[in-house]
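The structure appears right after this line, and notes come after that.
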Amino acid sequence: MLWILIACENEVRVVDTMSDVLDAHGIQRLSLATSGENLAIVGTDDPEIAMSVELTTTRSSISKDDKARMMLHLELRDDGGGEARAAVWFDHSLNNYMTDVAVFLPRALDLTLMDEYGDVHVENVGSLELDDGDGDVEVVGVTRDASFIDQDGDLKVQGIGGNVDIDDGSGDIKVEDVAGVVKIQDGSGDITVVNATKVKVESDSSGEVTVK
């Protein structure tokens, strides 16, 4: 009986969803700050920025659901000057409650992203500046330059039209199909670079380095 109760407590349950949409005409860059279990950002042909947040929990009890709803915030706004800003946050941490965030934006937009923890997927954006704390990162399709500050977790990057600059703490790095220069500073973990114009590994404390 005990293991049944534990299994039920660990199942993920959807508590609520939030969403917002912003007309992207005149916007050149989106700055996004968030933390959550999963973050997906995808460039599309639509002329708008659309965000969706799914509030989930592993708690079987609904006693704290209303509190979690009140503590969770979604912001999406036009700051003017071609800049838009978005954020998802809790007023303070609440055990066993998480967020899954999805963002759809015009593929030509530049993206600045700060993510505290959780896995990140980015696909089809103009340029990218990503500051990630903890979690795996996958990036596919950046038209111009891409830069990464990644503290912990694996980093996979593919299909970059400009240069790639990586400052990585720990975790494996794999970079493929880069039209420009790949520059890497790495603390620990294996490094693999395939099909790049030029590769500069400026520091690597431990792990294998493979360039093809």
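The values are calculated or read from the model by the stated rules, or taken from the named source; none is laboratory data. Computed from a prediction, not measured in an experiment: that's the story for all the values here. Virtual Cβ from ideal backbone geometry, glycine too; neighbours counted across all protein chains shown.
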Run residue 165 past the list (1) part of a strand (DSSP E or B); (2) touching a residue at least 24 places away in the same chain (Cβ under 8 Å) and report the number of the one that doesn't hold. (2)
Give me the pairs, please: first residue somewhere in region 170-191 and within 18 Å of residue 144 (Cα to Cα) and in contact (Cβ under 8 Å) with a residue 24 or more places away in the chain, second residue anywhere and surrounded by fewer than 21 Cβ atoms within 10 Å (Cβ to Cβ) and of a type in the set (D, E, K, R), beta-carbon distance under 8 Å, and either six or more positions apart or on two chains. 180/145; 180/198
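Conditions tested, residue by residue: (1) at pLDDT below 95; (2) more than 30 Å from residue 106 (Cβ to Cβ); (3) part of a strand (DSSP E or B).
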position: 18; (1), (2), (3): no, no, yes
position: 22; (1), (2), (3): no, no, yes
position: 42; (1), (2), (3): no, no, yes
position: 52; (1), (2), (3): no, no, yes
position: 60; (1), (2), (3): yes, yes, no
position: 69; (1), (2), (3): no, yes, no
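Residue-wise test of (1) part of a loop (DSSP other than H, G, I, E, B); (2) within 15 Å of the chain's Cα centre (by Cα).
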position: 75; (1), (2): no, no
position: 79; (1), (2): no, no
position: 94; (1), (2): yes, no
position: 100; (1), (2): no, yes
Does residue 44 meet the test of being within 17 Å of the chain's Cα centre (by Cα) and of a type in the set (Ser, Thr, Tyr)? yes
Test residue 191 against the stated conditions and say whether it is hydrophobic (A, V, I, L, M, F, W, C), within 16 Å of the chain's Cα centre (by Cα), farther than 25 Å from residue 108 by Cβ and buried (at least 18 other Cβ atoms within 10 Å of the Cβ). no
